[in-house]
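Undergrad: The structure follows.
The values are calculated or read from the model by the stated rules, or taken from the named source; none is laboratory data. This one's a predicted model, so the numbers in the text were calculated from it and none came from an experiment. No Cβ is skipped: glycine too gets one built from the backbone with ideal geometry, and neighbour counts run over all protein chains shown. We work out accessible area using only protein heavy atoms, side chains counted, and drop any ligands, DNA or RNA first. Shrake-Rupley method; radii C 1.70, N 1.55, O 1.52, S 1.80 Å.
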Amino acid sequence: MNVGIIGTGYVGLVTGAVLSDIGHVVTCLDINEEKINRLKKGQSPIYEPGLDEILARNTATNRLYFTTNAQEAFAQADIIFIAVGTPQGKDGAADLSYIEQAAKDIAINVDHNVIVVVKSTVPVGTNDKVEEIILENMPPGLQVHVVSNPEFLREGHAINDTFYGDRIVIGAENSIARDKVESLFKSLNIPIVHTNRRSAEMIKYASNAFLAVKISYINQISNLCEAIGADVNAVADGVGMDHRIGRAFLNAGIGYGGSCFPKDTEALAYLARKNDVNLSIVQSAIQANGEQRHIFVQKVISYFKGELVGKKIAILGLAFKPNTDDMREAPAITIIEELLKKGAHIKAYDPIVKDVTSLNNKIKYANTKEQCVENVDAILIVTEWEEFVEADWKKIKMISKDAQVFDGRNILTNK
Ligand code: UDX
């Protein structure tokens, strides 16, 4: 099939790459010329394991194209995906301006009947709105069907998650459009959930919020474990063996960050408030997540008895999680800023993130973890990169002349 994709962010780019890899002809559209030019040269704007190879393979075989021209992107398209951002807007509500713009761009630039698939995470009812906008603005006589198909890919595992996901959710009001979208994914062999559009939109939010609740729950249990002398990793293992609960997302630490959980939990909480429904569980998870990084900083402050002025602190890991260079809502930023406020000197090392704009001129960066921990008073593990998990911690402690280690990701329990 011929597919157009609006938005070459994480979701759009990975979706486009995978769809071309399974045989479709895909044209990715973005307003950012610099990004499109880089992609045309085969350079990925994001760090994602496996993505470069797939991009190269499919551009070489003429199955994957990039453009800033909407007419070109839609000219042959049977299906157009909307994969633009839905950032957090006022009061926690999702900002839908990019979605609305994409709907208008489709309406103005298509000259044939199309199916539009909304992949972006959008509040319940947005697919209806997208269909309305397109119908209002497209030439008379043309037909459009909008289908909801939320994504569930994790950064760092995005390619794998797209090829081997747990499910593909297709929310449609029209059975022909539904079948056509389903046939796109036929060769992936992933179970399909058919539902209406509103339920599909809700599945995405309910899934992400559930995972956020799970993390905040284990984080609070971990605080209690620490107070009473239990080991949260052992507790998570024991609890997670119950198949009704599962071990995944029970890793306690400094809380979740990234481009999805923080904004999606806020958007769901907003939706509940707007509809006068009590969703205090999600609200509490958001609050607990905010507290968790302060609790971590507080431990450092208490260790130095409140005297952090001039103390040298090594930060191991900046990205919000391993295998990504994404710094959006990364706990590292809040933690570093709080320590700087207290007068500490910060040296940071991350295997991939080499500098953070908002922190430049305020902190130093090291080229290796060994360099980072030289002559410091404390070491904070902020991201659980494999390099830190596998490190020779006896050597690290030695280089640092026995600095106190604060393990924000519980990776050293068994070391
Ligand atoms: C998430 C969802 O997993 C994905 O399905 C959705 O489509 C987008 O949002 P992502 O944000 O890429 O993906 O990362 P994920 O691996 O889910 O981790 C999210 C955050 O939770 C990270 O900050 C991570 O450190 C934290 N986390 C995860 C924990 O603190 N403990 C855990 O046990 C798991």
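Undergrad: Taking region 115-124 as the search range and keeping residues that are over 18 Å from Asp78 (Cβ atoms) and open to solvent by less than 40 Å² (accessible area, probe 1.4 Å), which one is nearest to the ligand (Cβ to nearest atom)?
TA: Here the residue is Thr121.
Undergrad: Here are Lys90, Lys104: which of them is charged (D, E, K, R), out of contact with any strand residue (DSSP E or B) (no Cβ under 6 Å at 6 or more places or on another chain) and under 28 Å from Asp326 (Cα atoms)?
TA: Every option except Lys90 fails the conditions.
Undergrad: Related question: Please go through region 78-93 and pick out each residue that is of a type in the set (Asp, Glu) and under 24 Å from Ser20 (Cβ atoms).
TA: Selection gives Asp78 alone.
Undergrad: Still on this structure: From the set of residues in region 86-108 that are open to solvent by less than 40 Å² (accessible area, probe 1.4 Å) and more than 13 Å from Leu271 (Cα to Cα), which is farthest from the chain's Cα centre (by Cα)?
TA: In this case the residue turns out to be Ala107.
Undergrad: Name the pairs whose Cβ atoms lie under 8 Å apart, with the first residue in region 262-279 and in contact (Cβ under 8 Å) with a residue 12 or more places away in the chain, the second among the polar types (S, T, N, Q) and open to solvent by 60 Å² or more (accessible area, probe 1.4 Å), and 6 or more positions between them or separate chains?
TA: Listed pairs, sorted by first residue: Pro262/Gln88; Lys263/Gln88; Glu266/Gln88; Ala267/Gln88; Ala269/Gln283.
Undergrad: For region 27-43, how many residues meet the condition of being touching a Phe, Trp or Tyr at 6+ places or on another chain (Cβ under 7 Å) and either in a loop (DSSP other than H, G, I, E, B) or open to solvent by less than 70 Å² (accessible area, probe 1.4 Å) (or both)?
TA: 4
Undergrad: So, one more: Could you list, in sequence order, the residues of region 297-324 that are within 12 Å of the ligand (Cβ to nearest atom) and of a type in the set (Phe, Trp, Tyr)?
TA: The one that is within 12 Å of the ligand (Cβ to nearest atom) and of a type in the set (Phe, Trp, Tyr): Phe320.
Undergrad: Moving to a separate point now. Do we have Lys401 as modelled with pLDDT of 95 or more and either open to solvent by 20 Å² or more (accessible area, probe 1.4 Å) or in contact with a helix residue (DSSP H, G or I) (Cβ under 8 Å, 6 or more places away or on another chain) (or both) here?
TA: Criteria not met by Lys401.
Undergrad: Now a separate question. Mind checking which residues of region 325-361 are near the ligand (Cβ under 10 Å from one of its atoms) and touching a helix residue (DSSP H, G or I) at 6+ places or on another chain (Cβ under 9 Å)?
TA: Passing the criteria: Asp326, Arg328, Glu329, Pro331.
Undergrad: Name every residue in region 125-175 that is among the small types (Gly, Ala, Ser) and either open to solvent by less than 30 Å² (accessible area, probe 1.4 Å) or outside the structural domain of Asn189 (by TED's automatic domain parsing) (or both), in order of residue number.
TA: If the condition is that a residue be among the small types (Gly, Ala, Ser) and either open to solvent by less than 30 Å² (accessible area, probe 1.4 Å) or outside the structural domain of Asn189 (by TED's automatic domain parsing) (or both), then Gly125, Ser148, Gly156, Ala158, Gly165, Gly171, Ala172 are the ones that fit.
Undergrad: Identify the residue in region 389-409 that is assigned to a loop (DSSP other than H, G, I, E, B) and within 16 Å of the ligand (Cβ to nearest atom) and, among all such residues, is farthest from the chain's Cα centre (by Cα).
TA: Checking each candidate, the answer is Gly408.
Undergrad: So, one more: Would you mind stating whether Gly42 is in contact (Cβ under 8 Å) with a residue 24 or more places away in the chain and in the same structural domain as Ile176 (by TED's automatic domain parsing)?
TA: Here the answer is no, as Gly42 does not meet what is asked.
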